[in-house]
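Inspection log for the structure reproduced underneath, given as structure tokens.
The values are calculated or read from the model by the stated rules, or taken from the named source; none is laboratory data. From a predicted model like this one, the values you see are computed outputs, not experimental measurements. Cβ coordinates were reconstructed from backbone atoms using ideal geometry, including for glycine residues, and neighbour counts include every protein chain displayed. Please note that ligands, DNA and RNA were not included when accessible areas were found on the heavy atoms of the full protein model with its side chains. Shrake-Rupley method; radii C 1.70, N 1.55, O 1.52, S 1.80 Å.
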Amino acid sequence: MITPNFRGNRVGIFNEKEIPSYEVRRIDRLTLLGIWMSQGLLFLGFSLVLLNNLGLLAPGTYFGVFSWVTALVFLIGVVVNFVMIPHLYFSSFKNFKKENSCWDKETFLILPSFFFGTFFLYESKIYLSLVILAVSIIVIAIIHYNFLRLSWKFLLKSSNEAFLMQQEYFVSLKYLTAYYLLLLLIMVLFNPLQTILLWVHVHA
């Protein structure tokens with residue numbers, strides 16, 4: 001890809017073609033839908049867990065004891081880990097190559113999506129939830145590695161002038177690797193979110 005060199009305010013060079021600058025930087029509907037759905041699912045899932053532990057939904061139960069709430073949150077976790085996180089990877093890389101700044105919001109959403117999606121699956125304790133969780137982590141790891149590799153190849157092809165700008169995506173994924181490992185360690189050793197929610201259930 002040739003880095004856009006804008007001619008005035010209206011026309012730029014993109015992939016050796018003249019394209020209006022607003023088209024280069026325009027956020028497509030699929031990108032916006034992915035961001036809204038990711039945020040909405042995380043908010044919905046956490047709200048269901050919190051309200052259930054407060055005794056406002058499915059009285060007499062809490063998240064981790066089978067009920068319609070636990071089943072629904074489990075399904076949200078499946079969608080987050082198997083659909084939304086892969087979408088965020090694909091969409092963010094596509095937007096980065098288009099030099100659309102929205103890629104930063106998408107990569108930022110990956111880590112909280114992984115945290116809550118993993119929590120929804122693991123703590124639901126539904127039959128085969130651990131197997132499904134393990135498979136989702138493997139799938140995410142493979143996707144993460146592939147995009148690290150693709151972003152590195154993309155970086156090697158960039159011009160000297162564009163190198164500093166175009167290394168941002170690769171660096172973001174490198175930091176994300178470290179955050180993944182740290183997050184998994186915290187969840188295994190401490191599981192702070194479940195501790196807080198159990199406290200809410202006991203003191204509600």
Taking a straight Cα-to-Cα line shorter than 21 Å from LYS105, and setting aside same-chain lysines fewer than 8 residues away, one finds LYS94, LYS97, LYS174
Taking Lys and Arg as +1 and Asp and Glu as -1, residues besides ASN52 with C-beta under 14 Å from its C-beta add up to 0
For segment 22-169, dividing by residue count, accessible area per residue (probe 1.4 Å) in Å² works out to 52
